[in-house]
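Visitor: Before we start, here is the structure in question, set down as structure tokens.
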Amino acid sequence: MAAGASYQSFDIPLELETVDLSGILGDSYRNVVTDGLPVVRPGRAEVDSMLGGRGRDTIVAALPPVMGECTHERLAAFAVLAGCPVSCFPVLVAAVQAVARDEFNLLAVQTTTGNVAVVVLVSGPRTPAMGLHAGSNGLGPGPRANVTIGRALRLALMNVGGAVPGLLDVSCLGWPGKLSFCAAEHTAASPWPPCHLERGFRADATVVTVAAAYGFIETADAVSTKAEPLLSNLSEMMAAARVSGSRGSQVLVLLTPQHAHTLAQGGLARREVQAYLHERIFALDRRVDAATGKAVRVTSTPEDVLLVVTGGNGGKSAFVPLWSSSRAVSVAVS
């Protein structure tokens, strides 16, 4: 590097693909930024079908950082762009309402240099009818509803919220989770009641929970047949929780049915697993804040360990670190 040169000189601007939606959404949406993948160009009929009778101009939420008003019509257009099935639009509406809540801290999520993605978790009896896939490869390619819900949300965050990559979205690296990160609870394969019950909702509700994730770490154990060694092995692999670096964070654990049933057959309820992991993560780290001399706990309470059963056959669960500047938010699908 030449003397006096700045690393900023090597920050190559993104070349962003756009699509003209002015015929539907007006001149302010003449150049809508896409996510780099091909899109479905929406027409009036497609948008109206997605709306399903909802008021076009009804504001779902104002989205930071530019506080753009996300109306039903705008969100429907992004859903069509993303290829979202009509049956999933209510989930998308609830997800937008959830990310706009103060405790989610969307302003920081949208503008941080960190590599933060919005994860959408859907739980409840309506998920199969909506086409959401809770089995094998639910976070991978194939499940149209899962992929397009996350994708449509990202298009809204970019174009209504203003977090355009390279402009207000200044994530240093980004990661594929920012394209789409949507999972459904595998209620039929879970040994425990649905996860939204512990978040204060009725069992018959369908609920969207959003969280700010900055990674995905496989926690593999295909041999343990007892609860205690399985929990010990899984928690050892969760050492990456320490990178969140501050008190009061949350963590997300995606348990495959095999692991969940091993724990349940060992007599453990969901809350007992949460309590174990809460204490074990702390015991693995034992970090002390140099300024205060107090112990740093990644999670403040067992409830900060968000536990969702999802996925297919096999002994490979996942740990998803959550950003400490944001809190998970749940909203019922109407």
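Nothing in this text is a laboratory measurement; each read-out follows from the coordinates by a stated rule. No experiment lies behind these values; they were computed from the predicted model shown. Cβ placement follows ideal geometry from the backbone for every residue including glycine, while neighbour counts extend to all protein chains displayed.
Visitor: In debye to the nearest 20, how big a dipole does the chain give about its Cα centre with +1 on each Lys and Arg Cβ and -1 on each Asp and Glu Cβ?
Guide: The calculation lands at about 440 debye.
Visitor: Based on alpha-carbon centroids, what's the gap between the range 204-232 and the range 94-132 in Å, whole number please?
Guide: Taking the Cα centre of each part, the range 204-232 and the range 94-132 sit 18 Å apart.
Visitor: Scan the chain and note any complete DSSP helix (H) whose C-alpha atoms cover at least 20 Å along its axis and whose Kyte-Doolittle average is -1.0 or more.
Guide: Long hydrophobic helices here: 144-159, 270-285.
Visitor: When we measure straight from the Cα of Lys316, which aspartates and glutamates land under 15 angstrom away, once same-chain ones fewer than 8 places off are left out?
Guide: Straight-distance partners of Lys316: Glu218, Asp221, Glu236.
Visitor: Rounded to whole Å and sorted largest first, what semi-axes of the equivalent ellipsoid does the C-alpha gyration tensor of the chain yield via the square root of 5 times each eigenvalue?
Guide: Taking √(5λ) for each Cα gyration eigenvalue gives 34, 26, 17 Å.
Visitor: Note the per residue figure in Å³ for the convex hull of the C-alpha positions in the range 33-124.
Guide: 121 Å³
Visitor: Please figure out what share of the DSSP beta bridges in the chain is antiparallel and state it in percent, rounded to the nearest 5.
Guide: In the chain, DSSP labels about 75 percent of beta bridges as antiparallel.
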